[in-house]
Amino acid sequence: MKKKIIGILVMMLLIINVVAPLANSTNIKIDMTNLNEQINPKIPELKHNFKIMLHKFRIRTYLEYIPSSYDGSDAVPLVLVLHGAPNTAKNASLRFGVSEKAKEEGFIVAYPNGVCKFTFRRTWNFGFGYGFAYKFNVDDIGFIRKLIERIQSNYNIDPNRIFIAGHSAGAMMSYRLASELSDIVAAIASNGGAIGGHIVDSPLWQIPEPDNPVSIAEFHGKLDSLIPYDGGWNQGETVFYLSVNDTISFWVEQNGCNTEPETTTSENVTIDKYGGGVAGTEVWIYTIHNKGHIWFGGPSWEDPDPVISTTDEMWEFFKAHPKQ
């Protein structure tokens, strides 16, 4: 028994004296060129910094991409990209092409990692449902706020151009962050998300009302069976999700937008734009009629015949919607 207690004390000392200092100094370069070529040949050689930080006695990690054009003289936008679940920041950095876009446009990207128990299958605490993060009530809201503050202290970030994008569980986490970090987030782009739901025998949960307006873009496949476009139970009937209409209606009301959208339709894509919101905010919904639960315009094995690029469209949306 004494040996176990001593072992626990030693581990705690290691965390305090070794991990905590690393959290402030770690800057490990990872060359992911080969894996890039396997997953998405369109992405050129990109090097990401692997970072460690400590939040509420839990080691948290993220990847960071700084474009070569950045010299600190001008304030630049920050985009956080949240992976799906169970998945990783590395996977998101390789599949979504956001770092490639950052290289072209000159913004900084961070890919936070969710948490896991023993494997690399990481999850987010987006407020309901499943996974390690939700079950153990992990403070992902506090982690993301602290992460943004840390990046702001290291780089010249425009405080009016802080954006968050996410896919699947990361998309739902982006909605929760838009609600609970509305004081700092200008806009989000959700790819296949919802603002609430519940698991079997549990009450419905929905994100709280935000204190400030936030511009919203939702990209959703009409054929999505994992997070159904029209809401309801997923294909395994394990999780019930609110619909895209529920999600958009919530944000249209919160932002004070026009209740009738401007609608444009092209091949397999309908875009509804709700404008006129408080402080210039808008709510846009991209409906992709012939697609399911994917990152649109991502790797060819995932979207072999793309009709739209989430990455390209979300960046144009972000550029047009700074915080006012």
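The values are calculated or read from the model by the stated rules, or taken from the named source; none is laboratory data. Please read all numbers here as calculations on a predicted model, not as lab measurements. We place every Cβ from the backbone using ideal geometry, glycine too, and count neighbours over all the protein chains shown.
Of all the criteria given as (1) within 23 Å of Trp315 (Cα to Cα); (2) buried (at least 18 other Cβ atoms within 10 Å of the Cβ); (3) out of contact with any Gly (no Cβ under 9 Å at 6 or more places or on another chain), the one not satisfied by Asp158 is (2).
When every residue of region 244-253 is checked against the conditions, at least one turns out to be more than 20 Å from Gly127 (Cα to Cα) and either outside any strand (DSSP E or B) or free of Cβ contacts under 8 Å to residues at least 40 places away in the same chain (or both). If you check Ile195, Ile227, Ile184, Ile151 for being touching a helix residue (DSSP H, G or I) at 6+ places or on another chain (Cβ under 6 Å) and of a type in the set (Val, Ile, Thr), only one passes: Ile195.
Restricting the search to strands (runs of 3 or more DSSP E) fully inside region 39-115 and requiring at least 1 residues that are closer than 18 Å to Phe318 by Cα and of a type in the set (A, V, I, L, M) gives 76-82, 108-112.
Quick grid of which residues meet (1) of a type outside the set (A, V, I, L, M); (2) at pLDDT 95 or above; (3) in contact with a helix residue (DSSP H, G or I) (Cβ under 9 Å, 6 or more places away or on another chain):
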| residue | (1), (2), (3) |
| --- | --- |
| Trp284 | yes, yes, yes |
| Thr287 | yes, yes, yes |
| Lys291 | yes, yes, no |
| Phe296 | yes, yes, yes |
| Glu302 | yes, no, yes |
| Glu316 | yes, yes, no |
| Pro322 | yes, yes, yes |
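Looking only at residues in region 134-155 that are of a type in the set (Phe, Trp, Tyr) and out of contact with any Phe, Trp or Tyr (no Cβ under 8 Å at 6 or more places or on another chain), the one that is surrounded by the fewest Cβ atoms within 10 Å (Cβ to Cβ) is Phe136. Ser179 satisfies every condition listed in (1) hydroxyl-bearing (Ser, Thr, Tyr); (2) in contact (Cβ under 8 Å) with a residue 40 or more places away in the chain; (3) surrounded by 24 or more Cβ atoms within 10 Å (Cβ to Cβ) except (2).
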